[in-house]
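Where a number appears in this text, it was derived from the coordinates with a stated rule and is not lab data. Note that the structure is a prediction, hence the values are computed from the model and not measured. Virtual Cβ from ideal backbone geometry, glycine too; neighbours counted across all protein chains shown.
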Amino acid sequence: MSNIDPRRTTRRPRAQRLHRRYRTVALSFVIVMALLALALARVQLLDGAKYAAQAKGELDQTVSLQSVRGAIYDRNGDLLAVSVPRYDIVADDFLITSAGATAAELSTILHVAIGSLTAELTRQSGYVILARQVSATINTAILNLGIGGITTQIDTLRVSPGASVFQPLLGGVNAAGQGYAGLEYAYDAQLAGKTGKEIIPVAPGGVQLPGQPQIITKAVPGVSLVLSLDEPLQVEVTKDVTAEMQSSHAASGIAVVEEVQTGAILAMVDLCRLRNGLCASSGPIGPAPSNLSLTAVYQAGSVMKLATISYAMHYHLISPSTTFTVPYSLNIGGYTFQDAEVHPTESLQVRQILAQSSNIGTIEIERLLGQRRLGEALSAYGFGNYTGLNWPGESAGLVSPSATWLGATAPSVAIGTGEAVTPQQVLDAYTAVANGGVEVQPNLVTATVDANGTEVPLAKSPSHQVVDASSASAMVPMLEGVVQDGTAVQACVPGYTVAGKTGTAQVPDSSGLGYVPGDWNATFVGFVPAEAPKLSAVVVFNHPTPIYGGSVSAPVFAQIMGYALRHFDIAPPVRSSTSAVQCAVAKG
């Protein structure tokens, strides 16, 4: 029998286990503390900058710095469009304690109904624009109320001191400050400049805290544009076109004035009768919603005879005195062509064919020229091509390749009824003849002005010969004859020689079948003084009464040029004195 006490044999192992447990706990505690110490050291020493930045980010807000949009000036330095400071009133509706009371305070200043403001202040969106583009006076009055949750943002408003006479040209700027039409759209990248960024300290409620903003990127102001347009002339042309639209009940009126040697557009007027903001057959007269001079195509009629006759001389097929036998009508390819007035078969010189605007005589000339060379003439004068103005929505016209012409197409094209062109293209063709056969690309923007006021002229417009100089020179006295004793005697300007051409053409039906009964386009295009051309212009009316270019468009040309010659102080050349007497007799 053993005398060993079993209780004593188990006491030591238990004590050992407890000791190991205590040691494990202590070691674990030490490890945990060491890990915490390491984590604290990492936070303080290694990641301190990161967490400090995160903490700072809770109080900082990055905002855009709006750039100042460039202005637009006319050739004389008069403002046509400029951005003025305005402010947007913004609410954080989560911070508004009493929407009704706040709305009542704001209503008297913003002139907005209390109910409307209350609805906006209870949308629970956190960001509500209560008013846009308010003046500095209203902005200050709102801030002086000291309402929590109501802040303001800097904005701008685009205004046009030149009123509506330049609207189709200038276009407009939307609420986001972006150009959406016209020059504002075409030159948006230059005018807009570049936005910047800055950091401002704000409280959790969105209220800006004291302290200077930190600019990250400076805003770059946009450049300003200097145009070739002359504001007084634009106003005068608008007045003259409006008066004729009222007198002849025309649906639209277009007029463009250009400087012959440089291609600079001095005035460009586009008016129509408006209904729901769109051009219509009836309604009040106002600026067209787009620049019709460049975007609208039409059958121009007899003004297109310039290409046929000048290129027949260019290829030495005719001279001004070449005689043709001209009947009243011709049947070609199953279509009957005829002159405007009934007459017996007669002999007419080329100068008479042009002065009387004989369709049949022009078709006889086209037969000598041939359709390939007629197509060449149209292309050389720019018909079917863009003008180079890079205008948004500009039309190149509708001129099919001559190789595709069939039957009666060539004679139709020769007299201006087989193609569709823009008024600006018509003007450019006649300006080229006035310039010795050299076409200078038209231009509207002549210079840019940077934020420091430094004006940088743009490169001169490119030019190219479209018809030889001798043919262009021979055309001038023939075009004078149109005004002196032809279809455009009402285009005469007392004291000056005038060269030009009328055009009267029916409007094609949109279905492509036939023409719209009673709907005509009337055109006159010309230049002055004829012997030393300085200015050219085109005038187009749609659906006038009477329908003829010589009756409605030519008199407006005379009014416009009479003003422009005085305005730009262009004296009549010596040879003009004789023509002035003829003009007075013709008008009398």
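Overview of results
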read-out	value
Placed amide H near residue 397: partners under 5 Å, 5+ positions off or other chain	none
Under-5 Å amide H pairs with residue 73, H placed in peptide plane, nonlocal only	80, 225, 226, 227
Table column - 3J(HN,Hα) (Hz), the stretch 109-115, Karplus curve with 6.51, -1.76, 1.60, x for Gly and Pro	8, 7, 6, 10, 4, 4, x
Close Lys-Lys pairs in the stretch 231-587, where close means Cα under 18 Å and separation is 8 or more or interchain	4
Fully extended contour minus Cα-Cα distance, from residue 406 to residue 574, at 0.36 nm per residue	55.6 nm
Lys/Arg +1, Asp/Glu -1 at C-beta; the stretch 231-587 dipole; positive extreme among 495, 529, 334	334
Inter-label distance, nm, simple model (7 Å from Cα along the C-beta direction), residue 107/residue 470	8.5 nm
³J(HN,Hα), Karplus 6.51/-1.76/1.60, whole Hz, each residue of the stretch 235-245, x for Gly, Pro	5, 5, 5, 4, 5, 5, 5, 4, 4, 5, 4
Compactness of the stretch 231-587 as Cα Rg over 2.2 N^0.38 Å, two decimals	0.94
Spin-label pair residue 133/residue 276, simplified geometry with 7 Å Cα→Cβ offset, distance in nm	2.5 nm
Estimated dipole of the stretch 231-587 in Debye, rounded to 20 [Cβ of Lys and Arg +1, of Asp and Glu -1, Cα centre]	300 debye
Long-range HN-HN contacts of residue 250 with modeled amide H, under 5 Å	545
Relative contact order, percent, the stretch 231-587 [alpha-carbon distance under 8 Å, six or more residues apart]	20 percent
Two-site FRET efficiency, residue 345 against residue 243, from Cβ-Cβ distance with R₀ of 41 Å, rounded to 0.05	0.45
Backbone HN-Hα couplings from phi across the stretch 495-505 [Karplus 6.51/-1.76/1.60, Hz, Gly and Pro as x]	x, 10, 7, 10, 10, x, 8, 8, x, 9, 9
